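For reference, the structure discussed in these notes is given below.
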Amino acid sequence: MSIRGELAGSGVLVTGGAGFIGSHIVDRLLADGAREVVIIDNFFLGNEQNLENALKNGAVLYRDDCEFSSSLDYVFENHNIDVVYNCATKALNYSFMNPSNAFDTNIVVALNLLELQRKGLFSTLCHFSTSEVYGSALYEPMDEMHPKNPTTTYAAGKAAADLAVESYVRMFGIDAYIVRPFNNYGPRQNDAGPLAGVIPITARRILEGRKPEIHGNGLQSRDFIYVHDTIDAVLKCHDVLPAGETVNISAENCIAIGHLIEMVADLIGYDGEIIRKPGRASDVACHNATSDKLRDMIEFYLTPFSDGLQQTLDWYKARFKRIQRLA
Ligand SMILES: NC(=O)c1ccc[n+]([C@@H]2O[C@H](COP(=O)([O-])OP(=O)(O)OC[C@H]3O[C@@H](n4cnc5c(N)ncnc54)[C@H](O)[C@@H]3O)[C@@H](O)[C@H]2O)c1
């Protein structure tokens, strides 16, 4: 029994749908029978390869920027949207280079969507928050009541957007809820340049014959969840999570980054040097979460970390082989 209408048969917009998590949501929505799946992405980080199957399967792509309300107006004029998944963001690392714009994107996109929803242009908003809003753990494991203590402007923008969602629910009675994933890993996470995730960049460096790097002492820890498990949980939240509520989505596995890099090296068969680099200012020291609230609401499936990591590395190995063949 769903507290909302079924996603199957609905028109769905995914902002940031060409990115890592967004593109997996798009694929699942299409497989689950959404009437129409529309994507808006400015390709700041996402790419069309992530949507290869989705576009063949009928998804509609707008290469546009949802920080402009007029771009969203245009999409809504052309499509009958029931549900929006707000995944658009500029990666956390970008906030070290352009703090103000990283903040702006997170809040402006949310406000643009909330205004459209307030005017009745769609029914339900699933807004993506991030574990980064908690900052370093004041207590462990972190639940949804943990104070918000963002250490970067990226996280500050996310925390502000969360408050905006909650206030629009209280003021205007809109149907919006917040999912708060912890660190995701899996196929399609960006592997290039300064905005790359730790698993893909480590895999890429090794597969390209370079040495992997650890920033800081490697003891900083994160809670890593396989992206397909996150998507499954997010889509189940549609049926059960009341408006105005927030839920953590984590695997409760707390892995030190140094250990993770060693695991990646080991699974790829690399036994060379791991380079030590200075730590980053404002890096969160520890993330260890509880998903008790989520588990009380849905059947929550978790892929064992070693299986998920192996599947992820297999995907990157295949990807780099393809790149090398084309080079
Ligand atoms: N990946 C994680 O570990 C993780 C953890 C917690 C929360 N989240 C949240 O999940 C959501 C998706 O994250 P992701 O890892 O897929 O990130 P991603 O960077 O892979 O995807 C974000 C997408 O948004 C697009 N984008 C950026 N600015 C835009 C704009 N103004 N207009 C249109 N598109 C824009 C980018 O091009 C990109 O494709 C984000 O809200 C993020 O905060 C991610």
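The values are calculated or read from the model by the stated rules, or taken from the named source; none is laboratory data. Bear in mind that the values here come from a model prediction, so they are computed numbers and not experimental data. Don't worry about glycine lacking a Cβ; one is built from the backbone with ideal geometry, like all the others, and counts go over all protein chains shown. Heavy atoms of the whole protein, side chains included, go into the accessibility calculation; ligands, DNA and RNA do not. Shrake-Rupley method; radii C 1.70, N 1.55, O 1.52, S 1.80 Å.
For the reader, a short list of remarks on this structure follows.
- For the chain, the ratio of Cα radius of gyration to the globular rule of thumb 2.2 N^0.38 Å stands at 0.96.
- Alpha-carbon radius of gyration plus Dmax, which is the widest Cα pair, for the range 199-272 in Å: 16.5, 51
- Percent carbon-and-sulfur accessible area, the range 1-146, ignoring ligands, DNA and RNA, probe 1.4 Å: 50 percent
- For the pair the range 152-206 and the range 260-323, the centres of their Cα atoms are 16 angstrom apart.
- Phi angles across the range 312-322 convert, under the Karplus curve 6.51 cos²θ - 1.76 cosθ + 1.60 with θ = phi - 60°, into 3J(HN,Hα) values of 5, 5, 4, 5, 5, 4, 4, 4, 5, 4, 4 Hz, Gly and Pro given as x.
- Computed over the range 215-296: relative contact order in percent, which uses C-alpha pairs under 8 Å that are six or more apart: 53 percent
- Solvent exposure of the chain as accessible area per residue, Å², 1.4 Å probe: 42 Å²
- Mean shadow area of the range 134-187, taken as a quarter of the surface of its Cα convex hull (nm²): 5.0 nm²
- Each Lys or Arg adds one and each Asp or Glu subtracts one; over the other residues with Cβ under 11 Å from the Cβ of E140, this totals -3.
- Principal semi-axes in Å for the range 45-196 [√(5λ), Cα gyration tensor, largest first]: 25, 22, 15
- Cα-Cα pairs of the range 136-273 separated by more than 18 Å (percent): 65 percent
- Taking max minus min of the alpha-carbon positions on each principal axis, the range 1-84 gives extents of 38, 27, 19 Å, largest first.
- Taking θ as phi - 60° and the Karplus parameters 6.51, -1.76 and 1.60, the scalar couplings of the range 181-197 work out to x, 8, 4, 9, 9, x, x, 5, 6, 4, 10, 10, x, x, 9, 6, x Hz in sequence order, x denoting glycine and proline.
- Other-chain or far-sequence residues with amide H under 5 Å of N183's (modelled H): D223, I225
- Packing-based ranking, highest mean first, of 265-273, 6-14 given that Cβ atoms within 10 Å are counted: 6-14, 265-273
- The listed residues L195, L114 rank as L195, L114 when sorted by accessible area, largest first, using a 1.4 Å probe.
- For the range 232-327, alpha-carbon Rg and Dmax in angstrom: 18.0, 51
- Counted charge near C286, where neighbours are those whose Cβ lies closer than 14 Å (Asp, Glu -1; Lys, Arg +1): -4
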